[in-house]
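Shown next, in structure tokens, is the structure this report addresses.
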Amino acid sequence: MHAQPSLPATMRAVAITAPGGPEVLRVETVPLPELREGEVLIRVAAAGVNRHDTGQRSRGKAAPTARSQVPGLEIVGEVVASRSGKVRPGRRVAALVDGGGYADYCAAEADLCLAVPDALSDLEAASLPEALFTSWFGLVELGGLGTGGAVLIHGAAGGVGIAAVQVARLRGAVAVATASRPEKL
């Protein structure tokens with residue numbers, strides 16, 4: 001593992017103390033996540049807030065298969081340790097994670113990390129991983145969308161829909177979009 005020698009043994013993380021609203025969230029001290037092969041440890045600078053996170057808070061816990069009970073699926077920060085040859089310490093990345101993002105540090109699969117352009121702030125970059133991975137995977141990897149193609153995007157006013165329109169345009173395809181209300185178009 002490539003690591004900075006000064007990593008703490010513990011960190012602050014948001015805990016969900018019971019099902020409910022924001023009042024059930026508490027900051028607790030917990031151990032740093034242990035890295036598995038192919039993962040990196042990111043010092044979190046910002047985390048996205050999405051529907052999954054608010055649903056987890058309402059339920060009071062993450063799915064039994066989640067990597068962490070700490071909420072947060074989208075993060076941005078600096079890689080501080082690595083068990084991957086793909087992403088080295090010192091890189092600024094955004095990542096889609098299986099929980100744990102509302103903490104000082106978070107483990108992420110190296111394959112689910114994106115380099116962050118300098119032009120994006122940490123807050124902007126933290127809002128992108130879930131929408132970008134979802135839209136790219138669906139349109140390009142599964143759907144084979146490319147130049148000259150066309151795609152119909154339902155719900156184009158939401159986070160994934162907005163990203164899907166942009167991915168289609170970047171791929172040289174025509175995006176036809178729908179939304180639930182005219183003002184969203």
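The values are calculated or read from the model by the stated rules, or taken from the named source; none is laboratory data. Source: prediction; values computed, not measured. Positions of Cβ are generated from backbone atoms using ideal geometry, with glycine treated the same way; all protein chains shown enter the neighbour counts. Accessible surface is based on the protein model in full, side chains and every heavy atom, while ligands, DNA and RNA are left aside. Shrake-Rupley method; radii C 1.70, N 1.55, O 1.52, S 1.80 Å.
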Failed item, numbered, when Val40 is tested on (1) under 22 Å from Ser135 (Cβ atoms); (2) at pLDDT 95 or above; (3) in a strand (DSSP E or B): (1)
Of the criteria (1) outside any loop (DSSP other than H, G, I, E, B); (2) of a type outside the set (Val, Ile, Thr); (3) closer than 24 Å to Thr134 by Cα, which one Glu28 fails: (3)
Conditions (1) open to solvent by less than 20 Å² (accessible area, probe 1.4 Å); (2) part of a loop (DSSP other than H, G, I, E, B); (3) modelled with pLDDT of 95 or more; (4) not polar (S, T, N, Q); number of the one not met by Val80: (2)
Selection count where residues are part of a helix (DSSP H, G or I), closer than 22 Å to Ala47 by Cα and either among the aliphatic types (A, V, I, L, M) or open to solvent by 40 Å² or more (accessible area, probe 1.4 Å) (or both), scope segment 130-165: 12
From Ala108, Ala94, Ala66, Ala46, residue being out of contact with any helix residue (DSSP H, G or I) (no Cβ under 8 Å at 6 or more places or on another chain), outside any helix (DSSP H, G or I), at pLDDT 95 or above and surrounded by 13 or more Cβ atoms within 10 Å (Cβ to Cβ): Ala108
Of all residues making up segment 1-43, the number that are open to solvent by 90 Å² or more (accessible area, probe 1.4 Å), touching a residue at least 24 places away in the same chain (Cβ under 8 Å) and acidic (Asp, Glu): 2
Test result for Gly99, small (Gly, Ala, Ser), surrounded by 19 or more Cβ atoms within 10 Å (Cβ to Cβ), in contact with a Cys (Cβ under 9 Å, 6 or more places away or on another chain) and more than 30 Å from Arg181 (Cα to Cα): yes
